[in-house]
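The values are calculated or read from the model by the stated rules, or taken from the named source; none is laboratory data. Fair warning: this is a prediction, and the values are worked out from it, not measured in the lab. Reconstructed Cβ throughout: ideal geometry from the backbone, glycine too, with neighbour counts over all protein chains shown.
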Amino acid sequence: MKAYSEDLRRKVVEAVEQRGASKSEAARLFGISLSSVKRYTRLAGQGEPLTPRKGGGRPPIADEATKKLLEEDIRKRPAATVKEGRHFLESFAGKTMSEPTLRRLLKRMGFGRKKGAWGRWNETSS
């Protein structure tokens, strides 16, 4: 779910603080939860910004440099197994990841395995 815009948050706080609407009325009026209205008014009352915070989550294992290195390796050695790819990344990039994680990463990068070789099979040839 996307965060509510800063503009909407300001309008909610304005409705409660300046127009005298109750928090539950503001929640119904703007179609958001009561807890969100309470949070926005609390933040505004403390003088904190109403901008949406950055989402949490775990940082990705493979950065852009690792992906580039992996892509070069696959282009040089398309018949390499996932296990061999794992050992390659471990020795050259210092990244350790499980075989399923590496397989998912390759799939996200657009690679698939066909007849024992990795490649981008849905690319158009020119």
Using beta carbons and a limit of 6 Å, which pairs, at least six apart or on different chains, have the first residue in region 99-126 and farther than 17 Å from GLU72 by Cβ and the second one at pLDDT below 80? GLY112/TRP121; LYS114/TRP121
Of the candidates LEU102, LEU43, the one satisfying the condition of being surrounded by 11 or more Cβ atoms within 10 Å (Cβ to Cβ) and either in contact with a Phe, Trp or Tyr (Cβ under 9 Å, 6 or more places away or on another chain) or closer than 20 Å to TRP118 by Cβ (or both) is LEU102
Residues (assigned to a helix (DSSP H, G or I) and surrounded by fewer than 12 Cβ atoms within 10 Å (Cβ to Cβ)) located in region 29-40: SER35
For LEU43, all conditions in the list (1) within 26 Å of the chain's Cα centre (by Cα); (2) farther than 30 Å from TYR4 by Cβ hold save one; what is the number of the exception? (2)
Looking at region 87-126, which of its residues are among the aromatic types (Phe, Trp, Tyr) and modelled with pLDDT of 90 or more? PHE88
For region 9-28, give me each residue that is crowded, with 16+ Cβ neighbours inside 10 Å, part of a helix (DSSP H, G or I) and not basic (Lys, Arg). VAL12, VAL13, ALA15, VAL16, ALA26, ALA27
